[in-house]
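Input: a single structure, listed below in structure tokens.
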């Protein structure tokens, strides 16, 4: 089986749920403590054995390119000031993998964004992650899905059980036979009403895909607003029995949502080896005074 060494991260969308800050700052660059959301996703890919990453930029996302590119002026200033630790931190943002960029000039949907990576991935299978889905896990999620691909030879949809009413916000997998945490994926239903849930397994922004996805995207009929939806192409593969759903292990945060982002910042802060204990004690004192 071919090793997964490439990842694609589309960064489209206007971030309207996070206005007003996203009027000027891409939602993927919003910080979780001191690190952008997207940097955590890139590090997840690298820690999964991925060496080449393509970030697909929508309009107004140039700050992402700047973050993942060298900044000679800043690096020279840090070196002259003897701030070697900060210099290493800055260089780490772009030096651990080959990071390239593609542009999606017009917002023509998630399927169109994925198509921008066709020449980059070629015929090889690849990981796909949306740029605002953050997952904390001991074993990186992309590695979990790559292992599932290794066992099944099928494209893999990352899912988790969602028992709250929030499940209606996501695509939900209709599944068949299971083997441990792996299920046959029969289809993905986008934002179904509670009365029509096909399961409690929500699609949460991680995939491993074979190159067949590109041919399926080309067959998708654009919606009334001209957008090509990735889920439509994935469902075509599901109908052919070429997709499985994997119930990955990890704590997922919806970083396009203000509450989800606040929870992520809080929990990542509590995990900090530098000030996690201090933050925990502060929160205890704060709650005792309320």
Quick count over segment 121-171, residues being in contact with a strand residue (DSSP E or B) (Cβ under 7 Å, 6 or more places away or on another chain), part of a helix (DSSP H, G or I) and within 20 Å of residue 232 (Cβ to Cβ), is 1
Within segment 15-32, restricting to residues that are touching a residue at least 60 places away in the same chain (Cβ under 8 Å) and part of a loop (DSSP other than H, G, I, E, B), the one that is surrounded by the fewest Cβ atoms within 10 Å (Cβ to Cβ) is 30
Flagged in segment 38-74 as in a helix (DSSP H, G or I) and without any contact (Cβ under 8 Å) to a residue 24 or more places away in the chain, in numbering order, are 62, 66, 72, 73, 74
It is to be established whether one or more residues within segment 66-83 are surrounded by 13 or more Cβ atoms within 10 Å (Cβ to Cβ), under 24 Å from residue 261 (Cβ atoms) and in contact with a helix residue (DSSP H, G or I) (Cβ under 9 Å, 6 or more places away or on another chain). yes
Subset of segment 188-212, residues under 25 Å from residue 2 (Cα atoms) and part of a strand (DSSP E or B), comes to 203, 204, 205, 206, 207, 208, 209
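Report yes if residue 86 is in a helix (DSSP H, G or I) and under 27 Å from residue 225 (Cβ atoms), otherwise no.
On the way: in a helix (DSSP H, G or I): yes; under 27 Å from residue 225 (Cβ atoms): no.
Spelling it out, it is not the case that residue 86 is in a helix (DSSP H, G or I) and under 27 Å from residue 225 (Cβ atoms).
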Filtering segment 145-173 down to residues that are within 16 Å of the chain's Cα centre (by Cα) and closer than 19 Å to residue 199 by Cβ yields 145, 156, 157, 158, 159, 160, 170, 171
Considering only helices (runs of 4 or more DSSP H) wholly within segment 213-290, the ones with at least 1 residues that are under 30 Å from residue 177 (Cα atoms) and more than 18 Å from the chain's Cα centre (by Cα) are 230-239
inquiry  = Take the conditions under 17 Å from the mean Cα position of the chain (by Cα) and surrounded by fewer than 16 Cβ atoms within 10 Å (Cβ to Cβ) and apply them to residue 100. Does it pass?
reply    = yes
By residue number, the members of segment 207-261 that are over 26 Å from residue 50 (Cα atoms) and exposed (fewer than 14 other Cβ atoms within 10 Å of the Cβ) are 218, 219, 221, 223, 224, 225, 226, 239, 240, 241, 258, 259
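Any read-out appearing in this document is the output of simple, stated calculations on the displayed coordinates, not a laboratory observation. Note that the structure is a prediction, hence the values are computed from the model and not measured. Neighbour counts are summed over all protein chains in view; Cβ atoms, including those assigned to glycine, are modelled from backbone coordinates with ideal geometry.
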